[in-house]
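To start, the structure under review is shown below, and the notes come after it.
The values are calculated or read from the model by the stated rules, or taken from the named source; none is laboratory data. Fair warning: this is a prediction, and the values are worked out from it, not measured in the lab. Every residue, glycine among them, receives a Cβ derived from its backbone with ideal geometry; neighbour counts consider all protein chains shown. Just so you know, the surface numbers come from the protein's heavy atoms only, side chains and all, with ligands and any DNA or RNA stripped out. Shrake-Rupley method; radii C 1.70, N 1.55, O 1.52, S 1.80 Å.
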Amino acid sequence: MKVKHIITACVLGLALPLGSCTQNSTSQDGAATQCEKKEVCIQLYSVRDLLKSDADLEPVLKQLAEMGYTSVEAANYNDGKFYGMAPADFKALVEKYGMSVLSSHTTRALTDEELAKGDLTEALAWWDKCIADHKAAGMKYIVTPWMSVPKTIKDLQTYCDYYNEVGKRCREAGLKYGYHNHNHEFQKVEGKEVMLDYMLQHTNPENVFFQMDVYWVVRGQSSPVDYFTKYPGRFTMLHIKDHREIGQSGMVGYDAIFRNADKAGTQDIVAEIEQYSCPVMESVKQSLDYLLDAPFVKASYSK
């Protein structure tokens, strides 16, 4: 979520993807057709520019539901609230429009002192409150969206221990805990260990899953499918993203990614649109239309 967004004039040829599935589409013989219903979550960071105040959330949720998104991933947990709302109220508002609250991006970084001493007491107390709030909001997952590259392997191991404990507490509360990558996780710590690989190897699969952001893996000069093969079953969630609208750049091999999703262990997919070629709502609609049209995207990945 660190990339600065760019809004440019909508390119005529990008108005709708080829074969776009719309509510009023017709077949070649004139018979009415209907879009296949697919479970697609949207990361609400995608519509951040439209959420200038708490009052903006409801009309945005209504439009997202009407497009066909089936659930949301929050990006605004703060002081026990989601977008200024109590957890139960946020859940009720999302469900009012027929969607569910799937997950949330939030975290509590360790201080330099906590890293040095390895004392996680205060941080874990924060997580206990966080987990309770996410439980009340009806969340299935909590995902840490960002971690800087640690200076040492020792610090990286401390974070792995930390995430293992957070994940254990989430599991005991009936939630699942995961980590979302960017491209900096493909750097080597102390010139020895690739950060992402180390995390995959030193976290307990029972407590920590990974939410692969497929775009950032490609930008990290790596292959999502190679990671599925090397670490099968670890990627419970996928962030489906592109340079702008999903499917727009041609640089992400979605076909191969989705055809290997079972190997990855994927149960839920989340669309995230960080940069736009056109107005925000048109951008997130184009991205959803691409996924609805794509024959290689299944209706559901839930087990």
Check your understanding: Regarding residue 146, is this residue open to solvent by 30 Å² or more (accessible area, probe 1.4 Å), in contact (Cβ under 8 Å) with a residue 60 or more places away in the chain and under 24 Å from residue 101 (Cβ atoms)?
Key -> yes
Review point. So how many residues does the stretch 141-172 have that are in contact with a strand residue (DSSP E or B) (Cβ under 9 Å, 6 or more places away or on another chain), part of a helix (DSSP H, G or I) and aromatic (Phe, Trp, Tyr)?
Key: 1
Revision key, fill the gap. Restricting the stretch 129-140 to residues that are in contact with a Lys or Arg (Cβ under 9 Å, 6 or more places away or on another chain), aliphatic (A, V, I, L, M) and outside any loop (DSSP other than H, G, I, E, B), the one surrounded by the fewest Cβ atoms within 10 Å (Cβ to Cβ) turns out to be 136
Practice item. Examine the stretch 285-293 for a residue that is farther than 24 Å from residue 74 by Cβ and open to solvent by less than 10 Å² (accessible area, probe 1.4 Å), and state whether such a residue exists. Key: no
Point to revise | Scan of the stretch 244-261 for residues that are surrounded by fewer than 19 Cβ atoms within 10 Å (Cβ to Cβ) and touching a Lys or Arg at 6+ places or on another chain (Cβ under 9 Å), ordered by number | key: 251
**Study point:** Residue in the stretch 268-276 that is part of a strand (DSSP E or B), among the aromatic types (Phe, Trp, Tyr) and buried (at least 22 other Cβ atoms within 10 Å of the Cβ) present
**Key:** yes
Review point. So which residues in the stretch 260-277 are within 22 Å of residue 100 (Cβ to Cβ) and free of Cβ contacts under 8 Å to residues at least 40 places away in the same chain, if there are any at all?
Key: 266, 267
Check your understanding: What number of residues within the stretch 205-220 are β-branched (Val, Ile, Thr) and under 14 Å from residue 265 (Cβ atoms)?
Key -> 1
Review point. Restricted to the stretch 165-174, and to residues that are open to solvent by 10 Å² or more (accessible area, probe 1.4 Å) and under 20 Å from the mean Cα position of the chain (by Cα), which residue is nearest to residue 146 (Cα to Cα)?
Key: 171
Review point. For the stretch 164-171, does any single residue satisfy the condition of being more than 19 Å from residue 111 (Cα to Cα) and of a type in the set (Asp, Glu)?
Key: no
Check your understanding: In the stretch 210-227, what residues are of a type in the set (A, V, I, L, M, F, W, C) and out of contact with any strand residue (DSSP E or B) (no Cβ under 9 Å at 6 or more places or on another chain)?
Key -> 217, 218, 225
